[in-house]
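The structure appears right after this line, and notes come after that.
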Amino acid sequence: MKIGLFVPCYVDALYPEVGVSTWRLLRSLGLDVDYPERQTCCGQPMGNAGFERLARPLARRFDQLFAPYDYVVAPSASCAAYVRCFHPDLLRGEACEAAGKTLDLVEFLHDVLHVTSLPVRFPHKVSVHNSCHGVRELGLSSPSERNVPRYNKIIDLLRLVKGIEVCEPERPDECCGFGGMFAVEEQAVSARMGLDKVRRHIATGAEYVTGPDSSCLMHMQGVAQKQGLDIKFIHVAEILTSGL
């Protein structure tokens with residue numbers, strides 16, 4: 001199985017340790033992992049802002065780079081969701097082989113590899129953040145608005161970690177207010193949503209907030225720091241490689 005590692009642009013620029021942790025985790029599971037160095041943004045910022053014309057060349061380049069791999073794995077639910085859900089429409093009438101085999105790290109570990117054990121330890125209480133794209137486009141956890149059996153693939157994986165205590169906040173799949181362009185165009189609403197979400201995470205008694213999207217974690221971390229709130233933020237990939 002040949003894996004193409006897709007590290008989103010904001011992860012590469014701001015949270016490179018998340019990309020490194022993802023690579024280390026996949027390699028520790030015996031996978032053949034390649035990182036195409038000429039990869040660029042998947043086009044999500046342009047697409048979300050309404051500039052699909054600018055996103056299309058990036059989608060085309062993504063497909064050219066990642067089509068040869070068996071799976072494309074990304075430590076970002078939102079970017080994986082954009083590629084899988086929107087690249088086919090952007091490239092309608094053109095080759096689009098990579099989109100259908102692009103997965104977030106959590107769903108790849110849970111649904112493809114069916115990981116049942118990990119030699120890692122993280123002796124801390126952790127509150128899980130379920131990002132909107134992960135819940136409603138990738139199905140990483142069950143959406144509260146639907147009458148379906150409850151599940152959470154992030155929590156399933158975290159429970160493999162020794163010493164960890166996992167919890168969820170009240171309103172577990174409510175948006176944190178990031179939303180990319182939304183945080184720019186509706187700053188006051190975005191900031192208040194972020195503060196409400198951070199307070200709910202703190203109310204669990206957790207030391208850390210974790211999730212599959214560095215963008216959401218970044219937004220909440222900024223809110224917490226500005227308000228002087230004592231809680232830390234860590235990507236799920238970093239927990240799943242703790243001590244490797």
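Nothing in this text is a laboratory measurement; each read-out follows from the coordinates by a stated rule. Worth saying up front: this structure is predicted, and the values here are computed from it rather than measured. We place every Cβ from the backbone using ideal geometry, glycine too, and count neighbours over all the protein chains shown.
Among 63, 213, sorting on how many other beta-carbon atoms sit within 10 Å of each Cβ, with the fewest leading, yields 63, 213.
Can you work out the FRET efficiency for the pair residue 112 and residue 171, with r the C-beta to C-beta distance and R0 = 30 Å, to the nearest 0.05?
Working: r = 30 Å, r/R0 = 1.00.
Efficiency computed from Cβ-Cβ geometry: 0.50.
Calculated mean residue ellipticity at 222 nm for the chain: -12500 deg cm²/dmol, from DSSP H runs with n ≥ 4 weighted as -39500 (n - 2.57), summed, divided by the residue count and rounded to 500. Computed on the Cα atoms alone, the convex hull of region 2-112 gives a volume of 90 cubic angstrom per residue.
In this structure the amide hydrogen of residue 103, modeled in the peptide plane, comes within under 5 Å of the amide hydrogens of 72, 73, 74, none closer than 5 places in sequence on its chain.
In percent, rounded to a whole number, the relative contact order of region 32-90 is 36, using alpha-carbon pairs under 8 Å and six or more apart.
Expressed as cubic angstrom per residue, what is the convex hull volume of the alpha carbon set of the chain? Display every interim value, and only then the final one.
Numbers: hull volume 30.1 nm³, N = 244.
Considering the Cα atoms of the chain, their hull volume per residue is 123 Å³.
Remind me, relative contact order of region 125-239 in percent, using alpha carbon pairs under 8 angstrom and six or more residues apart? Display every interim value, and only then the final one.
Values: 178 pairs, mean separation 35.4, N = 115.
Once normalised by length, the contact order is 31 percent.
Here is the short version for the chain: 42, 79, 85, 96, 132, 167, 175, 176, 216 have no other Cys C-beta closer than 4.7 Å.
Over the Cα atoms of region 125-239, what is the Rg over Rh ratio if Rh follows Kirkwood?
On the way: Rg = 13.5 Å, Rh = 14.2 Å.
Rg/Rh: 0.95.
Between exposed chymotrypsin sites (Phe, Trp or Tyr not before Pro) in the chain, where DSSP calls loop and at most 16 other Cβ atoms lie within 10 Å, what's the longest gap? Can you show the working numbers first?
Working: sites that count: 51, 151.
Value returned for the longest uninterrupted segment is 52-150.
A straight Cα-to-Cα reach below 28 Å connects residue 162 with the lysines 125, 153, 197, 232, residues fewer than 8 places away in its own chain not being considered.
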